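Asker: Pasting a structure below so you can have a look.
The values are calculated or read from the model by the stated rules, or taken from the named source; none is laboratory data. These figures come from a predicted structure and were not determined experimentally. Because the Cβ atoms are built from the backbone with ideal geometry, glycine has one as well, and the counts that use them run over all protein chains shown.
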């Protein structure tokens, strides 16, 4: 995901379940408290605003489930804002999601799983 020395400085973990028109983002801090949990349009200004708001909590790591095509904008915006970026491959995502039995697949659930995986892995 990222260098371990960089990871130690991270205070906010943003999980983004990317979609064509909208994404779902969940941001949590090191203790697991949710700081953000909403659908997010695939819009550069909205992404910059979210990152700007969350920077008040410290260094950010943004993790997406698809870094290319539909996930390219969140990755590009995060990098331009000096945010660390990571990618959770599909197979790893599904295996981690399987640990959360009994819940239906939703974008919000997937974003939360991505954020939690970033925080704990």
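Asker: Filtering region 1-21 down to residues that are under 14 Å from the mean Cα position of the chain (by Cα) and under 16 Å from residue 71 (Cβ atoms), which residue is modelled with the lowest pLDDT?
Answerer: Here the residue is 1.
Asker: Whether any residue in region 44-67 is more than 17 Å from residue 12 (Cα to Cα), touching a helix residue (DSSP H, G or I) at 6+ places or on another chain (Cβ under 8 Å) and at pLDDT 95 or above is what I want to check.
Answerer: yes
Asker: Among the residues of region 88-121, how many are within 28 Å of residue 49 (Cβ to Cβ) and either at pLDDT 90 or above or in a helix (DSSP H, G or I) (or both)?
Answerer: Residues meeting the conditions: 15.
Asker: Another question, if that's okay. When you scan region 33-53, how many residues do you find that are under 16 Å from residue 118 (Cα atoms) and within 13 Å of the chain's Cα centre (by Cα)? Before you say what the answer is, go through the steps one by one.
Answerer: Within region 33-53, the subset under 16 Å from residue 118 (Cα atoms) is 33-37.
From what is left, the residues that are within 13 Å of the chain's Cα centre (by Cα) are 34-37.
Of the residues in that region, 4 qualify.
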